[in-house]
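Engineer: Handing you this structure, nothing more for now.
The values are calculated or read from the model by the stated rules, or taken from the named source; none is laboratory data. Model, not experiment: these values are computed from the prediction. Here the Cβ positions follow ideal geometry from the backbone for every residue, glycine too, while neighbour counts run over all protein chains shown.
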Amino acid sequence: MEFDKKARKIANEILKHREILVVTHIDADGISAGAIAYESLKRAGIETSIKFVKQLGDKEIEELKDKNTFIWFTDLGSGQIDKLTDLDFVITDHHIPIAKHEMQLNPNDFGLDGSFELSGAGTTFMVASKLKSERRTIFDFTDVNLDLINLAIVGAVGDLQDSAECMLKGKNRDIVKKAEKNNFLKVVRDLRFFGKQTRPIAKMLEYNIEPYLPGISGNEKGCVRFLSSLSIDPWKRWIELSFEEKKKIVSELVRLCMEFGMPYKNILRIVGECYILLDKPEGTEMRDAMEFSTLLNATARYGEEEIGLRVCLGDENAFKRARSLLQNHRKNLSEGLRLVEELGIEELKNIQFFHAQDEIPDTIVGIIAGMSFHKGNFDKPIVAFAKSENGVKVSARATQRLIERGVNLAEAIRKAAEKVGGSGGGHKIAAGATIPEGKEIEFLNFLDEIVGEQLENRKI
Ligand code: C5P
Ligand code: C5P
Ligand code: ZN
């Protein structure tokens, strides 16, 4: 069955219910997906509530069973579908599904790659856009809830779905086109650094670590010197610069990268597609999909999911609160990176790892793992551990090159976790698990072996 037809089928199922609980993930994609589901249900006149979870483990599933209500799982569920048997539900998710299901919409079931061709929010939007209680005629297939489309972009960017090609691809592309056509979105080719709307350029350059630029990344004085040498005010924001000034900076950055001997392919990654949300005020975090998704990550990952949800739905007060949470999130990220530097990253044959114990919250250790490649080895998947309330949280990240060489972290992490009495899953490029405390070394050895086999198999 084609994708849209299945989306319509799921929308029709949803419309049969008068009360629905949305269950979603605590990251930017999960919040965006949850907000789309929540708002579209309300608009359809369905009584709705929302629950955010770190993961859908046995404990969470048992709690849901007790609620005895119809559930819409967004941005999760596909990896646990075998455990949901006693529940009444629909799923809109993009994680690798472990089984097919009549009420599951997942891009992976349609020959798409859910790690970059459609996000949890995008999949959810596809159903929300079909969620209308009445058709004017039987041929009336016009979509609804179009104004929620930008949340599908924010979710995809939050999951780094644009990172491999520096642009959104696959079904994400259709969403981009539709959002552009309806004047919700502007796509620009620009510097793919974080903070173009809100940070002084000196700070934007200082905090950027991909690509890592010696003398600039992590070096405020170096950034100020660099910008002053180009006669550009370091304390202006990127959006305040003229085209000529921007061009001057980009050319100079490219020149520096060449001087450092960076591969051409990596240099090209400095510039790419950036997504401007035209329905949001200029100069705020909500204007740029990359900044918006980080703002969301600063909420629900710290237990402030209500704020994340309300920011998505345009609440001014929630936005103010989210900005203050963002300060805290940034501080945690930079302290986390400093900790990784202190601890060092240990290498095994095929993987590398660090153990943050209880020094990094389990909800952001994955983000820090992904940001730590440049401190370790780009040729091995990075695995991070952090203590969590029900054991040890594992977060693993790979690179596009490793995927091309055969690595599939979702599978490797799931298998290794199961061998030590834990569970996990995710995407080829990013996966996570929870394992019992004390099993870390055993887990690493299994994982090292499995990743080794994945690399070996691809060689043949
Ligand atoms: O649960 P979910 O699918 O939302 O999370 C996907 C995760 O994959 C995100 O944390 C995102 O940062 C990570 N990712 C990554 N590198 C990519 C693509 C995704 O680290 N190239
Ligand atoms: O938590 P983290 O950002 O490392 O998660 C990376 C990916 O692994 C996400 O897509 C997440 O949904 C998935 N994951 C999972 N099972 C877990 C933990 C994470 O499927 N127990
Ligand atoms: Zn997601």
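Engineer: Looking only at region 72-91, which residues are surrounded by 24 or more Cβ atoms within 10 Å (Cβ to Cβ) and more than 14 Å from ligand 2 (Cβ to nearest atom)?
Structural biologist: Matches in region 72-91: Trp72, Val90.
Engineer: For Ile209, all conditions in the list (1) touching a His at 6+ places or on another chain (Cβ under 8 Å); (2) within 16 Å of ligand 3 (Cβ to nearest atom) hold save one; what is the number of the exception?
Structural biologist: That leaves (2) as the condition not met.
Engineer: Given the condition closer than 26 Å to Val53 by Cα, buried (at least 19 other Cβ atoms within 10 Å of the Cβ) and among the basic types (Lys, Arg), answer yes or no: does some residue in region 371-393 qualify?
Structural biologist: The answer is yes; a qualifying residue exists.
Engineer: Report whether or not Val187 is of a type outside the set (Phe, Trp, Tyr), within 16 Å of ligand 2 (Cβ to nearest atom) and not in a loop (DSSP other than H, G, I, E, B).
Structural biologist: Judged against the criteria, Val187 is not a match.
Engineer: Here are Ile435, Ile441, Ile460: which of them is at pLDDT below 95 and either in contact with a strand residue (DSSP E or B) (Cβ under 6 Å, 6 or more places away or on another chain) or among the β-branched types (Val, Ile, Thr) (or both)?
Structural biologist: Ile460
Engineer: In this structure, does Ser119 turn out to be within 15 Å of ligand 1 (Cβ to nearest atom), modelled with pLDDT of 95 or more and under 17 Å from Ile153 (Cα atoms)?
Structural biologist: yes
Engineer: Which helices (runs of 4 or more DSSP H) does region 306-412 wholly contain that include 2 or more residues that are more than 16 Å from ligand 2 (Cβ to nearest atom)?
Structural biologist: Of the helices (runs of 4 or more DSSP H) lying wholly inside region 306-412, those with at least 2 residues that are more than 16 Å from ligand 2 (Cβ to nearest atom) span 316-343, 400-404.
Engineer: Hey, among Lys203, Lys236, which residue is free of Cβ contacts under 8 Å to residues at least 24 places away in the same chain and either more than 27 Å from Asn182 (Cα to Cα) or out of contact with any Asp or Glu (no Cβ under 9 Å at 6 or more places or on another chain) (or both)?
Structural biologist: Only one candidate qualifies: Lys203.
Engineer: Now a separate question. Filter region 412-442 down to residues that are under 30 Å from Pro211 (Cα atoms) and in contact (Cβ under 8 Å) with a residue 60 or more places away in the chain and give me whichever is nearest to ligand 1 (Cβ to nearest atom).
Structural biologist: Ala430
Engineer: Given the structure, is Ile216 in contact with a Gly (Cβ under 7 Å, 6 or more places away or on another chain), crowded, with 17+ Cβ neighbours inside 10 Å and either outside any helix (DSSP H, G or I) or without any contact (Cβ under 8 Å) to a residue 12 or more places away in the chain (or both)?
Structural biologist: Yes: the conditions hold for Ile216.
Engineer: Suppose we keep only residues that are in contact with a helix residue (DSSP H, G or I) (Cβ under 9 Å, 6 or more places away or on another chain) and among the polar types (S, T, N, Q) within region 358-387. Which one would you say is modelled with the highest pLDDT?
Structural biologist: My answer is Thr363.
Engineer: Tell me which of these Ile31 doesn't satisfy, since it passes every other one: (1) crowded, with 19+ Cβ neighbours inside 10 Å; (2) more than 16 Å from ligand 3 (Cβ to nearest atom).
Structural biologist: So Ile31 meets the others, but not (2).
Engineer: Could you tell me whether any residue of region 261-272 is among the charged types (D, E, K, R), over 20 Å from the mean Cα position of the chain (by Cα) and within 28 Å of Thr399 (Cβ to Cβ)?
Structural biologist: yes
Engineer: Let me ask something additional. Inspect region 206-224 for any residue being more than 16 Å from ligand 2 (Cβ to nearest atom), within 28 Å of Phe116 (Cβ to Cβ), under 28 Å from the mean Cα position of the chain (by Cα) and modelled with pLDDT of 95 or more and give the result as yes or no.
Structural biologist: No: zero hits.
Engineer: Scanning region 21-58 for residues that are under 20 Å from the mean Cα position of the chain (by Cα) and of a type in the set (D, E, K, R), which turns out farthest from Ala430 (Cα to Cα)?
Structural biologist: Looking at the filtered set, the residue picked out is Lys51.
Engineer: Is there a residue in region 259-269 that is buried (at least 19 other Cβ atoms within 10 Å of the Cβ) and either outside any strand (DSSP E or B) or aromatic (Phe, Trp, Tyr) (or both)?
Structural biologist: no
Condition check ((1) at pLDDT below 95; (2) touching a Ser or Thr at 6+ places or on another chain (Cβ under 6 Å); (3) loosely packed, with under 15 Cβ neighbours inside 10 Å) across all residues:
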position: Ala289; (1), (2), (3): no, no, no
position: Leu295; (1), (2), (3): no, no, no
position: Ala300; (1), (2), (3): yes, no, no
position: Glu304; (1), (2), (3): no, no, no
position: Gly308; (1), (2), (3): no, yes, no
position: Arg330; (1), (2), (3): yes, no, yes
position: Val340; (1), (2), (3): no, yes, no
position: Ile351; (1), (2), (3): no, no, no
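Engineer: Mind checking which helices (runs of 4 or more DSSP H) fall wholly inside region 56-171 and carry at least 3 residues that are out of contact with any helix residue (DSSP H, G or I) (no Cβ under 7 Å at 6 or more places or on another chain) and away from ligand 3 (no atom under 16 Å from the Cβ)?
Structural biologist: By residue number, 58-67.
Engineer: Taking the residues in region 429-444 that are out of contact with any Leu (no Cβ under 8 Å at 6 or more places or on another chain) and in a helix (DSSP H, G or I) as candidates, determine which candidate is nearest to Gly406 (Cα to Cα).
Structural biologist: This residue is Phe443.
Engineer: Could you grab me the full set of residues in region 5-32 that are more than 18 Å from Ser119 (Cα to Cα) and of a type in the set (Val, Ile, Thr)?
Structural biologist: Ile14, Ile20
Engineer: Please indicate, with yes or no, whether at least one residue in region 53-63 is within 16 Å of ligand 1 (Cβ to nearest atom), of a type outside the set (D, E, K, R) and more than 22 Å from Gly391 (Cβ to Cβ).
Structural biologist: No, because not a single residue in region 53-63 is within 16 Å of ligand 1 (Cβ to nearest atom), of a type outside the set (D, E, K, R) and more than 22 Å from Gly391 (Cβ to Cβ).
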